[in-house]
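What follows is a short report on a single structure.
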């Protein structure tokens, strides 16, 4: 494993440095940067699998002259799983970028773009390998800054710099809370070593443990995009290049999930009161439901996908929260099931969300727009992209037998098993969370019926769509790899569950793969087959068989098939794109049902013919969804801070003597406090 790790790190470093050595040759720079990143992705997948199967963790450290800083790393099953996930998406995004970055030629330095991508992938990989708090924070900051620079790649476009600044502010607010979390552990252990966090000389006092719980949840939750800390996602993800958006949404926000599991189940040893798990569960349920509701109202395809990242982070937290509650009451098998379901959805979301962002990038590459209203009829013009996007859409909508269905089904089962809890309150809360997840699933299905149907079906609604062509081969290969991963993760849970069990077993104290898998792995069950079970391979075979049987029956009973082409009947009129269902119209009923939450602003302007008021000459319709969290939470906070800053400007008199007085008074006060 040490050899694989060395090759992995060297590949990313070469991918960042080699393009700088061949100036003036953009095609070679592109090949070197993304070829090295793709090679590192292959090695990272192998390293992740090796780490999951290894008997003991791989560890190493290098001392430094900086106090408390040790360059320590640890590849245990939890870290290995996230290395695998990062490398899988990184491989697909790197291959995709070989063709995609040509879109930026002449406007952006391809050398810098490729080097930054390697640095970003390297920083994410090292974040999950870090085994020292100080080292972790340095890498976390590097990951945040590199992602910020990638977000503002097209900084000349309106709104991009503002989106990047908003993201930078939010991520640094989160970093401040992460620092507080590590300082709490440092205060009790006297070291930033993660090993000292795991095995402190004395248990953290209950009050400090609760503070660490909240600071970790806020700090890492800001990066994950939990409600109400999610507001940066719909700004940053659309602004970034699409392969960067795929990495940010697919794996960067998952580093926060890694860190939360590391803190709660590893550093705090899984010992926490019931309300910790309840808090995580509630935040997960609210994030899942609100995320998909706001996604439904979006017509910018990448903004729509960004809100779905909020939804799926919520689903992951539902599984983790349920696992924490079960663990509190000593139901270790159910705790392992909830945590396993959350981890399963983590890698599933990485695969299908990255695939969808790459698909959105392909549509933007071909049409030069992200507006769904300007798409239409693209399946005929971009069949490969349409097929891959459809796989991602049915996966994120959790339709059987896809990977999203398997992990969401496991989350459902862990919530339904709440009847084994000893308290009536929690027996009721978990099924309510399951009901919210069910509503989330239904809305997600509607959302991607809109996204796929309005984009790929019917007639083109703009000249952009009419002149679209299929994207380059490398982009199709990148999407194809993730589409294949979605299929494998859905049809082969017998391969995935035992690997995840190697993570959840040490964290919860019990291995459950033998109970989750039945009939040699062909059936998945929530700890006991008697409760419920499902077999995605059999379900897939039945779906294919039913379709084939229907075709066979039609051929046997019907007349020989003949193709006839004729115009679709349109009440005697020739069909035009203006007659098509729009994305706005599709979402209108849902907007009306949830009008209290959306608080839409509707504007309708109608101009009639001069001859008669019954005939409309022109009509204009606009609606705007009120950003509730920005209006009622962030705007008042920012206004308050600006007001305070304006008041404090009085101390900036421009006098050097006054500033020296400030320093003197501060030193005196510090000496008095220390004495």
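The values are calculated or read from the model by the stated rules, or taken from the named source; none is laboratory data. Since this is a predicted model, take the numbers as computed values, not measurements. Cβ atoms come from the backbone with ideal geometry, glycine included; neighbour counts cover every protein chain shown.
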- Say whether the condition of being under 18 Å from residue 409 (Cα atoms) and either modelled with pLDDT under 95 or surrounded by fewer than 24 Cβ atoms within 10 Å (Cβ to Cβ) (or both) is met by at least one residue in the stretch 445-459. yes
- Task: Return only the number of the condition from (1) more than 27 Å from the chain's Cα centre (by Cα); (2) without any contact (Cβ under 8 Å) to a residue 40 or more places away in the chain that residue 39 does not satisfy.
- Result: (1)
- Message: Given the criterion part of a helix (DSSP H, G or I), over 18 Å from the mean Cα position of the chain (by Cα) and closer than 22 Å to residue 230 by Cα, identify the matching residue among 165, 116, 112.
- Response: 165
- Task: Report those helices (runs of 4 or more DSSP H) wholly inside the stretch 183-291 carrying at least 3 residues which are without any contact (Cβ under 8 Å) to a residue 60 or more places away in the chain and closer than 30 Å to residue 91 by Cα.
- Result: 206-224
- The one condition in (1) under 30 Å from residue 153 (Cα atoms); (2) assigned by TED's automatic domain parsing to the domain that holds residue 440 that residue 231 fails to fulfil: (2)
- Query: Would the stretch 490-501 turn up any residue that is out of contact with any strand residue (DSSP E or B) (no Cβ under 8 Å at 6 or more places or on another chain) and closer than 18 Å to residue 371 by Cβ?
  - Reply: no
- Task: Only one of these is over 20 Å from residue 404 (Cα atoms), in contact with a helix residue (DSSP H, G or I) (Cβ under 9 Å, 6 or more places away or on another chain) and surrounded by fewer than 20 Cβ atoms within 10 Å (Cβ to Cβ): 263, 286, 282. Name it.
- Result: 282
- residue 385: passes all of (1) surrounded by 16 or more Cβ atoms within 10 Å (Cβ to Cβ); (2) without any contact (Cβ under 8 Å) to a residue 12 or more places away in the chain but (2)
- So which residues in the stretch 189-217 are buried (at least 18 other Cβ atoms within 10 Å of the Cβ), out of contact with any strand residue (DSSP E or B) (no Cβ under 9 Å at 6 or more places or on another chain) and closer than 18 Å to residue 137 by Cβ, if there are any at all? 189, 196, 197, 212, 215, 216, 217
- Is one or more of the residues making up the stretch 578-598 without any contact (Cβ under 8 Å) to a residue 40 or more places away in the chain, over 38 Å from the mean Cα position of the chain (by Cα) and loosely packed, with under 12 Cβ neighbours inside 10 Å? no
- Task: Determine whether the stretch 344-361 contains at least one residue that is in contact with a helix residue (DSSP H, G or I) (Cβ under 7 Å, 6 or more places away or on another chain) and assigned to a loop (DSSP other than H, G, I, E, B).
- Result: no
- Task: Could you pull out the residue among 435, 451 that is outside any loop (DSSP other than H, G, I, E, B) and free of Cβ contacts under 8 Å to residues at least 60 places away in the same chain?
- Result: 435
- Message: Residues that are more than 22 Å from the chain's Cα centre (by Cα), in contact (Cβ under 8 Å) with a residue 40 or more places away in the chain and in the same structural domain as residue 308 (by TED's automatic domain parsing): does the stretch 394-413 have at least one?
- Response: yes
- Just name the residue that is surrounded by the fewest Cβ atoms within 10 Å (Cβ to Cβ) out of those in the stretch 517-534 that are closer than 15 Å to residue 491 by Cα and either assigned by TED's automatic domain parsing to the domain that holds residue 51 or touching a helix residue (DSSP H, G or I) at 6+ places or on another chain (Cβ under 9 Å) (or both). 520
